[in-house]
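The values are calculated or read from the model by the stated rules, or taken from the named source; none is laboratory data. Keep in mind it's a predicted model, so treat the numbers as computed, not measured. Heads up, the Cβs are rebuilt from the backbone with ideal geometry, glycines too, and the neighbour counts pull from every protein chain shown.
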Amino acid sequence: MTPPIQRCRRVRAQSATPYEMRTVSASCRGQRFFSWYHTEHYHSGIAWHHPVDVHYGRAEVVRAVRADVLAAAYARTPERFVGKHPTPPVLPTAAWINKPTDDDQPDTKIP
């Protein structure tokens, strides 16, 4: 399968009109941005994981590896860690952009 960026370049080269070139160029920029955002960017709301790892259930494995790394760092230089043994952040049970409230529920009463 052709990588997305090469596919974008090929489609852009095959575009016949300037409008098609602008549309393809914008979709390629969006494709690159969302690919980066979901696979490379660490999100604070989900314990500094990538969304793709949380979505596919790999976050607990990543968290376990991080715990091993922190334990090794603590064993090497415990003076760097004040107070206690370091642990990776706990994954939230749910992550919201705008959490719905009870007031957001539609009325079920029929007049």
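Numbers below:
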read-out: Subset of segment 40-85 [of a type in the set (D, E, K, R) and closer than 30 Å to I97 by Cβ]; value: E40, D53, R58, E60, R63, R66
read-out: Close pairs (7 angstrom Cβ cut-off, 6 or more residues apart or separate chains): β-branched (V, I, T) in segment 44-68, assigned to a helix (DSSP H, G or I) and loosely packed, with under 12 Cβ neighbours inside 10 Å anywhere; value: V52/T39
read-out: Restricting segment 32-57 to residues that are outside any loop (DSSP other than H, G, I, E, B) and touching a Lys or Arg at 6+ places or on another chain (Cβ under 9 Å), the residue that is farthest from L91 (Cα to Cα); value: V52
read-out: Residue in segment 90-103 that is assigned to a helix (DSSP H, G or I) and modelled with pLDDT under 95 present; value: yes
